[in-house]
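Below: one structure, written as structure tokens.
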Amino acid sequence: MKILIVEDEPKTVAYLRKGLTEQGYSVDFASDGENGLHLAQTLDYDAVILDVMLPRLDGVTVLQRLRQSRQTPVIMLTARDSVEARLQGLGAGADDYLIKPFSFLELLARLQAITRRGRNESTAIAVGDLHLDLLSRRATRAGKRLNLTAKEFALLAVLARRQSQIVSKTVITELVWDINFDTNTNVVEVAIKRLRAKIDGAFDSKLLHTIRGMGYVLEHRPEETA
Amino acid sequence: MTPTSIAGRLTLMFAVATGLVSALAGVAVFVFQTLELRRHQAEELQARFEIVETMVHRLGEAGRWPLLADKLTSFTPANDAIRYRVDSPDPRFAYGAPWPAGAQVQGPRQGLGYVRFEGRRFMTLSKMVGPYRERPAVRLTIAADTAPFDASGLVLGVGVLAASLLTTAAVSLLGRRIARDGLAPVDRLSQHAAALNPDDLSLRMPTRRLPAELEGLMTAFNGALDRLQHAYVRLSSFNADVAHELRTPLSNLIGQTQVALSRPRRPDELEEVLHSNLEELERLRTIINDMLFLARADQGAVAANLAPTSLAALVRKTADFLDVLFEEAGVTLRVEGDATIAVEESLLGRALTNLLDNAIRHGAGPGRVTVTIEDHGDEVCVGVRNRGAPIQEAHLARLFDRFYRLDPARENSGDSHGLGLAVVKAVAAMHGGGVFARCEHGEVLVGLFLKKRDAAEIVAPPRVTSEPLGSVLAESA
């Protein structure tokens, strides 16, 4: 998976490069619009992360010119939180946009979404000794049926599909409850707490982990056993 | 050209008014005096006529007629300003020449009339004098030149005109002075107004020793200044609040990072610091995003993407999201009424989430939260009612202010940043509505009302602005 980052702020580039490389992407970058456009037009990328405010050629223009020849998925980064900015970006052919300040996890989630990567599409998922059947909506652990509510199952499914990936609260809220605006509630924390009691409560080996300030991971960590 | 200054306009209006009035008065005086002069002349003519008539009347003998003729000749002045004429069928009893050829005669054969010849105008009086002895009936005519009276009329006319012009000029000059003096307070006020500036918001326009008209204006103006000052102070204190809200997490970030870096740490210790930092940073991000949202609403952003939505359904969806919180708090929800109205669902959902969350958070423990949806015709009212400690009127009014907390000690409770109800207010405003908060019978009622839009406004642009994450990430199963 090859990603192009067009961004002029060195710190942003540095952490995006590091983070995405560690996630297994191969990352190129350009620090101005002209170079970025040139790279995007000549090389094949799976996705382009494009800042709106760029020297020499602004992001929207870069996108418009790129769209004349290529349909590479583009995620726009914008600091302007206005409807016009969004419309401008999407109207110019962006596949998605993120408003600064955005979280890295969210960028990752959207990148995975537009590149259709990192998601387990099968209907039966196993995490350690936890088994999920997405068709019959049943979950078992160590062979024992877990008694989950519909929402709890949906939450577990979202985490299981992204096994071993950190899933942010925003993504959880969006996918489990179809809520796509900022909420300052602790619904996700409470829901996770309850789910954890049901799937991990009676077991020594914990599967549902909290990554403070980021989100939650569902994974089997053998070294933590015992 | 219209003078632009009030003083100039007043002067012009004074001049025009005075000119008109004095012209009218002048014309009236002139006409009256002219009529009076004519009457005077006629009286004089009448008097002369009576004398001569008496003489003619008593004279019956042709022999004595030359005596009368001599007398009449002596009555006639050298410039022929007064002429006598006696027309008689008997030439022995005639006097004076007939009017020269081309004379224009006005008026009846008897009585007052005018005759004009040789460039002169005469007032005439004619009468028949009955026969006496030898003398037949004769016509006696006296003509008096009108020139002296016409001259008086002319002098009068010129005088009246001059007086009227002089009056107009004098009133204009005085009017200018009066207007300037009268408007002097305005000059003074404009100097005061020029001194107004944001550095000293307490400055006000003077209202004492002002003309009544200006006093009212200045009182109203000062009222506007009061409101502006209020808004300005609120804005600055709001800015101070923002700075304060950001300061605490920032100082935590700086402090704990410095402590962590001040000596070698184990990786898990450093990780702990990073996690803690991340939490603070997320908090900052939330505050900034909400502040930007509120700023947009302040700038007059209006809800777009309106779609007819059942409010009860939206409340239930929101409650479904908050379900675990309701359960944890032991609170049940009851939804009363419904209305379908055009709203931007994600905005209203956000407001409802905050309202319900607020009710759970600040309610008096386990119990029931009631959402009442009332259709009031042109607006719809959504109220969230929960049992709770009574809130004073002063606090109720400020409940929707940014960063306003009933209990200052909860300021850094972490899970609430004090913008929840401000967001509710902004959402209501974006839908052309407002918010309300009441406290009655041990219950707190907080809610918002939304204006119903015309059907034409509901035709929303394509929903490209809604967050696309959901559609892109939508689970396939």
Open item on the list: For region B:112-254, what does the convex hull of the Cα positions come to per residue, in cubic angstrom?
Closed with: 237 Å³
- [ ] Tell me the Kirkwood hydrodynamic radius of the protein assembly as shown in angstroms, computed as one over the mean inverse distance between distinct C-alpha pairs.
- [x] 35.2 Å
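Checking a compactness column here: for region B:10-122, what do you get for Rg(Cα) / (2.2 N^0.38 Å), N being the number of residues? Kindly include the intermediate steps, with their values, before the conclusion.
On the way: Rg = 21.7 Å, N = 113, 2.2 N^0.38 = 13.3 Å.
Taking the Cα Rg and dividing by 2.2 N^0.38 Å, one obtains 1.64.
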Open item on the list: Quick check on packing: order A:163-169, B:199-205, B:361-367 by the mean number of other C-beta atoms within 10 Å, highest mean leading.
Closed with: A:163-169, B:361-367, B:199-205
Open item on the list: Restricting the calculation to Cα positions, tell me the Rg (one decimal) and the Dmax (whole number) of region B:272-322 in Å.
Closed with: 16.7, 48
- [ ] Counting other Cβ atoms within 10 Å, keep those with at most 15, restrict to DSSP loop, and tell me which trypsin sites (Lys or Arg not before Pro) in region B:111-194 are left.
- [x] B:R133
- [ ] Give the order of B:S126, B:S262, B:S310 when sorted by the count of other beta carbons within 10 angstrom, beginning with the fewest.
- [x] B:S262, B:S310, B:S126
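Using every Cα-Cα pair within chain B, state what percent have a distance larger than 37 Å.
Counting every Cα pair in chain B, those more than 37 Å apart make up 63 percent.
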Task: Whole-Hz couplings from phi, Karplus 6.51/-1.76/1.60, listed for region A:183-191; x for Gly and Pro - done: 10, 10, 8, 9, 4, 5, 4, 5, 4
Open item on the list: Suppose a student asked you for the relative contact order of region B:316-381, using Cα pairs under 8 Å spaced at least 6 residues apart; what percent would you report?
Closed with: 46 percent
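Averaged over peptide B:321-333, how many Cβ atoms belonging to another chain are found within 10 Å of each residue's Cβ?
Values: counts 11, 6, 6, 14, 6, 0, 2, 5, 1, 0, 0, 0, 0.
Taking all residues of B:321-333 together, the mean is 4.
Indicate, rounded to the nearest 5 percent, the antiparallel portion of the DSSP beta bridges found entirely in chain B. Spell out each step's value before the answer.
Working: 54 of 60 bridges.
Counting DSSP beta bridges with both partners in chain B, the antiparallel share is about 90 percent.
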Open item on the list: In whole Å, what are the extents of chain A along the principal axes defined by its C-alpha atoms, from largest to smallest?
Closed with: 61, 33, 32
Open item on the list: For B:K452, what residues show an amide H to amide H distance below 5 Å, using hydrogens built from the backbone and excluding near sequence neighbours?
Closed with: B:E379, B:V380
TODO: Compute the distance in nm between two label points, each set 7 Å from the Cα along the Cα-to-Cβ direction, one at B:A17 and one at B:A97.
DONE: 6.1 nm
- [ ] Please work out whether region B:207-283 counts as rounded, prolate or oblate from its C-alpha gyration tensor, where a ≥ b ≥ c are the square roots of the eigenvalues and a/c under 1.5 means rounded, while otherwise a/b larger than b/c means prolate and anything else oblate?
- [x] prolate
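Across peptide B:284-297, what mean number of C-beta atoms from other chains lies inside 10 Å of a residue's C-beta?
Values: counts 1, 5, 4, 1, 3, 5, 2, 0, 4, 3, 0, 1, 3, 0.
Per residue, the average neighbour count from other chains is 2.
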Open item on the list: In whole Hz and in residue order, list the ³J(HN,Hα) couplings for region A:202-207 that follow from phi through the Karplus curve 6.51 cos²θ - 1.76 cosθ + 1.60, θ = phi - 60°; x for Gly and Pro.
Closed with: 8, 10, 6, 7, 8, 9
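Using the Cα centre as the reference, give the magnitude of the dipole from point charges on the C-beta atoms of region B:280-373 (Lys, Arg: +1; Asp, Glu: -1; all else neutral), rounded to the nearest 20 debye. Write down the numbers at each step before the final one.
Working: 9 positive and 13 negative charges, 24 e Å.
For this selection, approximately 120 debye.
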Open item on the list: 5 Å is the cut-off here: which amide hydrogens, built 1.01 Å from N in the peptide plane, fall below it relative to A:H220, excluding neighbours closer than 5 in sequence?
Closed with: A:G128
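How shielded is A:186-194 by partner chains, expressed as the average number of their Cβ atoms within 10 Å of its Cβ atoms? Don't skip to the answer; put the middle values down first.
Numbers: counts 8, 8, 2, 3, 7, 4, 1, 2, 3.
Taking the mean over all residues of the peptide, I get 4.
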Open item on the list: Quick one: 3J(HN,Hα) in Hz for region B:108-121, Karplus 6.51/-1.76/1.60 with θ = phi - 60°, rounded, Gly and Pro as x.
Closed with: x, 5, 9, x, 6, x, 10, 9, 10, 7, 6, x, 10, 10
Task: chain A - mean residue ellipticity at 222 nm from DSSP helices (-39,500 (n - 2.57) per run, n ≥ 4, rounded to 500) - done: -12000 deg cm²/dmol
Task: Contact order normalised by residue count of chain B, Cα under 8 Å, 6+ apart, percent - done: 11 percent
- [ ] Please check which bits of region B:104-139 a label hung off B:A42 would reach, taking the label as a point 7 Å along Cα-to-C-beta and the cut-off as backbone N under 19 Å.
- [x] B:105-116, B:121-128
Open item on the list: Checking the a/c ratio against 1.5 first, then a/b against b/c, what shape does the Cα gyration tensor give for region A:107-226?
Closed with: rounded
Task: Bridge type composition, the protein assembly as shown - antiparallel percent by DSSP, nearest 5 - done: 75 percent
Open item on the list: Can you compute the helix-only [θ] at 222 nm over chain B? Use -39500 (n - 2.57) per DSSP H run of at least 4 residues, normalise by all residues, nearest 500 deg cm²/dmol.
Closed with: -18500 deg cm²/dmol
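Every read-out reported here was derived from the displayed coordinates using simple, explicitly stated rules and does not represent laboratory data. All values derive from a computational prediction rather than experimental measurement. We place every Cβ from the backbone using ideal geometry, glycine too, and count neighbours over all the protein chains shown.
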